[in-house]
Amino acid sequence: MTTTDTVPTGLGDARITWYEPGGGAARLVLALGHGAGGGVEARDLQALAAALPAAGVTVALVEQPWRVAGKKLAPAPKRLDEAWRDLWPALRAAGPPVVAGGRSAGARVACRTAGELGARAVLALSFPLHPPGRPERSRADELLGAGVPTLVVQGGNDPFGGPAEFPAGDHELVEVPFGDHGFAVPKRAPLTQEDALGVITGAVGAWVEGLA
C-alpha cells in the first residue's frame, strides 16, 4: 500500500511517500532522503521501497522542500538538516522506531541528525566520504559521529569514496561490486544491474532484521 503526505517545514513543504506492509503492522520505519543531484526515483531507493515492506518494514521516501518546489540546486547542508528535523515528527507519528537514512547528501543528513532525533539506526547509501579527487576533504567525522548502529552501502567504484577508503569505526560496510555513486554497474561487469540492486536489498533486509 502506498500513500503520500505533504509535510510543512520551515523551508517549505516536504513530501513523504509511504510504502507500507500489506496485512500487518510494521515493526520499523525506514526513512530515506535523496541526494543533491536527484530525487526519490533513484534506483536504490526504489528497490528498497519495493522489497522491504514484505519484511514488515515501512519505507518512507522523503523529498526535501527544495525538490518539491522544483528547484534544481540543493540548499546548504544546515538547511537540509533543518527541514529533516521539521519533518521528523511526521515519521515518528507512524509509531514504530524510525531508522534514518538516505543516499549521498541524504545519508549525510541522517548521520548528522540521528543522535538528537532519536533515530534507531542509520542507513547510509553511497555516503560521499569526500568530493571526487579530493580525499583530503574527508567527511568521515559525520559518519563516525552518528552515534547509533550504522550500515554503509557503497559502490566499489564510487568516486566519492570507495569501500577501502572508509575509516574503521562503529559501523558496518557492504560493497556493491563495480557500482558507481548511483550503484550503476558497467555492462562488462560480471553482475547485472538487477544483481547489484539485489546486493543492496539483501544486505539492508538482513541488517534491519537485526534491529527489530
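The values are calculated or read from the model by the stated rules, or taken from the named source; none is laboratory data. Computed from a prediction, not measured in an experiment: that's the story for all the values here. Every residue, glycine as well, gets a Cβ built from its backbone with ideal geometry; the counts of neighbours run over all protein chains shown. For accessibility, only protein heavy atoms count, side chains too; no ligands or nucleic acids. Shrake-Rupley method; radii C 1.70, N 1.55, O 1.52, S 1.80 Å.
Of everything in the stretch 6-20 that's under 19 Å from the mean Cα position of the chain (by Cα) and of a type outside the set (A, V, I, L, M, F, W, C), which residue is nearest to A55 (Cα to Cα)?
E20
Does any residue of the stretch 67-74 turn out to be surrounded by fewer than 23 Cβ atoms within 10 Å (Cβ to Cβ) and either of a type in the set (D, E) or assigned to a helix (DSSP H, G or I) (or both)?
Yes, the stretch 67-74 contains a residue that is surrounded by fewer than 23 Cβ atoms within 10 Å (Cβ to Cβ) and either of a type in the set (D, E) or assigned to a helix (DSSP H, G or I) (or both).
When the residues of the stretch 57-66 are narrowed to those that are outside any helix (DSSP H, G or I) and out of contact with any helix residue (DSSP H, G or I) (no Cβ under 7 Å at 6 or more places or on another chain), which ends up surrounded by the most Cβ atoms within 10 Å (Cβ to Cβ)?
Filtering first and then ranking leaves T58.
Just wondering, is there one or more residues in the stretch 26-49 that are open to solvent by 20 Å² or more (accessible area, probe 1.4 Å), farther than 22 Å from Q154 by Cα and not aliphatic (A, V, I, L, M)?
Yes, that holds for at least one residue.
Mind checking which residues of the stretch 2-16 are open to solvent by 20 Å² or more (accessible area, probe 1.4 Å) and on the phi < 0 side of the Ramachandran plot? It would help to see each step written out before you state the result.
The first filter runs over the stretch 2-16 and keeps only residues open to solvent by 20 Å² or more (accessible area, probe 1.4 Å), leaving 2-6, 8-13, 15.
Once the filter is applied, which keeps residues that are open to solvent by 20 Å² or more (accessible area, probe 1.4 Å) and on the phi < 0 side of the Ramachandran plot, the stretch 2-16 yields T2, T3, T4, D5, T6, P8, T9, G10, L11, D13, R15.
For the stretch 164-184, which residues satisfy the criterion of being open to solvent by less than 60 Å² (accessible area, probe 1.4 Å), out of contact with any strand residue (DSSP E or B) (no Cβ under 7 Å at 6 or more places or on another chain) and either without any contact (Cβ under 8 Å) to a residue 24 or more places away in the chain or not in a loop (DSSP other than H, G, I, E, B) (or both)?
Answer for the stretch 164-184, where residues must be open to solvent by less than 60 Å² (accessible area, probe 1.4 Å), out of contact with any strand residue (DSSP E or B) (no Cβ under 7 Å at 6 or more places or on another chain) and either without any contact (Cβ under 8 Å) to a residue 24 or more places away in the chain or not in a loop (DSSP other than H, G, I, E, B) (or both): just P177.
From the list V109, V153, exactly one residue is touching a residue at least 60 places away in the same chain (Cβ under 8 Å) and under 13 Å from A31 (Cα atoms). Which is it?
Every option except V109 fails the conditions.
Could you list, ordered by first residue, the pairs with Cβ atoms under 6 Å in which the first is in the stretch 33-44 and farther than 19 Å from R85 by Cα and the second is open to solvent by less than 10 Å² (accessible area, probe 1.4 Å) and among the aliphatic types (A, V, I, L, M), at least 6 apart or interchain?
D44/L125; D44/I200
For the stretch 118-136, which positions are free of Cβ contacts under 8 Å to residues at least 60 places away in the same chain and surrounded by 18 or more Cβ atoms within 10 Å (Cβ to Cβ)?
A119, V122, A124, F127, P128, L129
With the condition kept exactly as written, say whether any residue in the stretch 32-47 is in contact with a strand residue (DSSP E or B) (Cβ under 6 Å, 6 or more places away or on another chain) and part of a strand (DSSP E or B).
Checked the stretch 32-47: at least one residue is in contact with a strand residue (DSSP E or B) (Cβ under 6 Å, 6 or more places away or on another chain) and part of a strand (DSSP E or B).
Suppose we filter A90, A107 for residues that are crowded, with 24+ Cβ neighbours inside 10 Å, modelled with pLDDT of 95 or more and not acidic (D, E); which single one remains?
Just a single option satisfies the conditions, and that option is A107.
Could you list, in sequence order, the residues of the stretch 202-212 that are open to solvent by 30 Å² or more (accessible area, probe 1.4 Å), touching a residue at least 12 places away in the same chain (Cβ under 8 Å) and not acidic (D, E)?
Kept after step one, since they are open to solvent by 30 Å² or more (accessible area, probe 1.4 Å), are these residues of the stretch 202-212: 202, 206, 209-210, 212.
Okay, now just the ones that are also touching a residue at least 12 places away in the same chain (Cβ under 8 Å), so 209, 212.
A212 - this is the single residue of the stretch 202-212 that is open to solvent by 30 Å² or more (accessible area, probe 1.4 Å), touching a residue at least 12 places away in the same chain (Cβ under 8 Å) and not acidic (D, E).
Restrict the check to the stretch 185-199 and report whether at least one residue is assigned to a loop (DSSP other than H, G, I, E, B), modelled with pLDDT under 95 and among the charged types (D, E, K, R).
yes
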